[in-house]
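I have placed the structure first, in the form of structure tokens, so that the comments after it can refer back to it.
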Amino acid sequence: MTTQVELLVDAVAVIDNELVPDAWIAVADGHIHAVGVGRGGRPPADVHTSLHGATVLPGFIDVHLHGGGGHAFGADQDASRQAARFHLLNGTTALLPTLATTTMPSLLRAVGELGRRPELEPGRARLLGLHLEGPFISPDRRGAHDPTLIRPPDAADLMSVCEAGLGRVRLLTAAPERPGFAELAKAAADAGVRLAAGHTDATGAELRAAIDAGVGSLTHTFNAMRPIAQRDPGVVEAIVDTAAFCELICDGIHVHPALVRALRLLAGPDRVVLVTDASARAGCADGDYQTPQRRVEVRGGAVRLAGTDTLAGSTLTILAAARNYAAYTGARLPELAAVTSGNAARLLGEQHRLGRIQPGYAADLVVVDDRMDCLGVMSAGVWARAPGARAPGARAPGAPARPSVAPPSDAHSDSTRDAHCSPA
């Protein structure tokens, strides 16, 4: 059987941290077959697709999200597929479904169902594994997690979850200052699970020690952490004195734009990892929503536990996060490619196959215009959203255009563009 080759031409592509005009990309068998510039060296192709000068980025990778489009990741396979499809249509070609603190039976059911799913399924983002956000977190920094379900670090519990998930658990968020964390860390290492420090009351010194002992990343940096003080810099000490990756929810709600700029300066663009922490309400209109566990309110794009000021995830997409990051920091496209894809690939140890536009890498690509609007999404060599196709809810031709990047006061403006949900 002859392999079909699709040749993408007339593109501007981010290749090895450079913005390359007049680029072409040959795709075959779900992978990038070759890349080049101009007309020279182009291989024979069965399909030619002109991108008319649009920009091609590596597909976005989100290591922290709970749902989207009105659906949550968990034991309900149809809901998980719908959530993964929502994010795929917004440019996220690979992700780690993230499971928050819940009862142990519920957690085992959810990891069991998600763990059985293949990495690739038509019409949804690549499932790279699972992220456990809890239950081994700090009750003092619990955020929206149910305090009655938080558990002390327990290596045996973790091993039970990893076995139920058929080895698909890739990332664990835990509080390193809690008794039992050292044993939990050893069990995680034995199971091939990467550790993140989050929902933690650790001091800066405790965070730095945990990172020296194997913690590789900070979960939603600045959120659900000990506040910064002049004699206890807290998370700032970890950012400055270690090489840990730093998740960032860049919606203008979770983290002030000035702190976004500070993180970029302190950590450098090769350690910032944009995440959404998206709830099922990502893509939904403002309103009141009932979940199986709780009631939440969406107001101005912010998701909060009903009747409180406690944030409960976001309505963000990586696409909108990238636009906000550019608005707050002035970052250009090569840096946006790093913080939306390349850095996450390195965090997960997937940098050999994901996060770059190079021969041999997965043909996971996002096509954007000069306003960072999504024009097309390719997953494993197949167009999930053909170039130029509008997603549901996107601005119709002739409608007023938005500015090229969202200003801080409009940080969440794109999070309701591509799906619709009905308030309870």
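Note on the chain: GNM, Cα springs under 10 Å; of Leu184, Leu96, Leu218, the largest mean-square fluctuation is that of Leu184. In the chain, Cα pairs under 8 Å separated by at least six residues give a relative contact order of 19 percent. Residue-wise HN-Hα couplings along region 146-162, as the Karplus relation 6.51 cos²θ - 1.76 cosθ + 1.60 with θ = phi - 60° gives them from phi, are 5, x, 6, 10, 5, 10, x, x, 9, 4, 5, 4, 4, 5, 4, 5, 5 Hz; Gly and Pro carry x.
Shape descriptor for region 213-295: Rg over Rh equals 1.05 (Cα atoms; Rh from the Kirkwood inverse mean 1/r).
Apply 1/(1 + (r/R0)^6) to the Cβ-Cβ distance of Arg371 and Ala229, taking R0 = 30 Å, and write down the FRET efficiency to the nearest 0.05. Once rounded, the FRET efficiency stands at 0.15.
The phi-based Karplus calculation (6.51 cos²θ - 1.76 cosθ + 1.60; θ = phi - 60°) puts the 3J(HN,Hα) values of region 340-353 at 9, 8, x, 5, 5, 4, 5, 4, 8, x, 10, 5, 7, 9 Hz, whole numbers, x for Gly and Pro. Residue separation of Lys186 and Ser160 scaled by 0.36 nm, minus their Cα-Cα distance, works out to 7.9 nm of gained length. Residues whose amide H lies under 5 Å from that of Asp62, counting only those 5 or more places away or on a different chain, are Ala94, Leu95, Leu96; hydrogens are built 1.01 Å from N in the peptide plane.
A helix-only calculation puts the chain at -6500 deg cm²/dmol for mean residue ellipticity at 222 nm, using -39500 (n - 2.57) for each DSSP H run of at least four residues, averaged over all residues.
Take the Kirkwood radius over Cα pairs of region 4-123, plug it into Stokes-Einstein at 25 °C and 0.890 mPa s, and you get 148 µm²/s for translational diffusion.
For the chain, modelled as a GNM whose springs connect Cα atoms under 10 angstrom apart, the maximal fluctuation among Val14, Val255, Val273 occurs at Val255. Taking amide H positions as modeled 1.01 Å from N, with prolines and chain starts lacking one, the residues under 5 Å from Ala312 and 5 or more places away or on another chain are Val303, Arg304, Leu305. The HN-Hα couplings worked out from phi for region 187-197 by the Karplus form 6.51 cos²θ - 1.76 cosθ + 1.60 (θ = phi - 60°) are 5, 4, 4, 5, 8, x, 9, 7, 9, 10, 8 Hz, whole numbers, x standing for Gly and Pro.
About its Cα centre, the dipole of region 114-248 is roughly 420 debye, where the only charges are +1 on Lys and Arg Cβ and -1 on Asp and Glu Cβ. Taking other C-beta atoms within 10 angstrom as a stand-in for reagent exposure, Phe222, Phe86 fall in the order Phe222, Phe86, fewest first. Estimated at 0.36 nm per residue, the fully extended path between Ala285 and Asp76 surpasses their Cα-Cα distance by 73.0 nm. The ellipsoid equivalent to the alpha-carbon distribution of region 267-310 has semi-axes of 26, 11, 10 angstrom, derived from the gyration tensor eigenvalues as √(5λ) and listed largest first.
When both bridge partners sit in the chain, DSSP labels roughly 55% of those beta bridges antiparallel.
For the Cα trace of region 118-272, dividing Rg by the Kirkwood Rh returns an Rg/Rh value of 0.97.
Distances between placed amide hydrogens fall under 5 Å for Val14 paired with Val20, Val56, all partners being 5 or more residues away or on another chain. Gaussian network model of the chain, Cα springs within a sub-10 Å range: biggest mean-square fluctuation belongs to which of Ser279, Ser138, Ser106? Between Ser279, Ser138, Ser106, it is Ser106 that shows the largest mean-square fluctuation.
Rounded to the nearest 0.05, the FRET efficiency derived from the C-beta distance between Thr3 and Ala386 at R0 = 30 Å is 0.90.
In region 58-347, one over the average inverse separation of all distinct C-alpha pairs is 18.6 Å, which is the Kirkwood hydrodynamic radius.
Any read-out appearing in this document is the output of simple, stated calculations on the displayed coordinates, not a laboratory observation. Fair warning: this is a prediction, and the values are worked out from it, not measured in the lab. Neighbour counts are summed over all protein chains in view; Cβ atoms, including those assigned to glycine, are modelled from backbone coordinates with ideal geometry.
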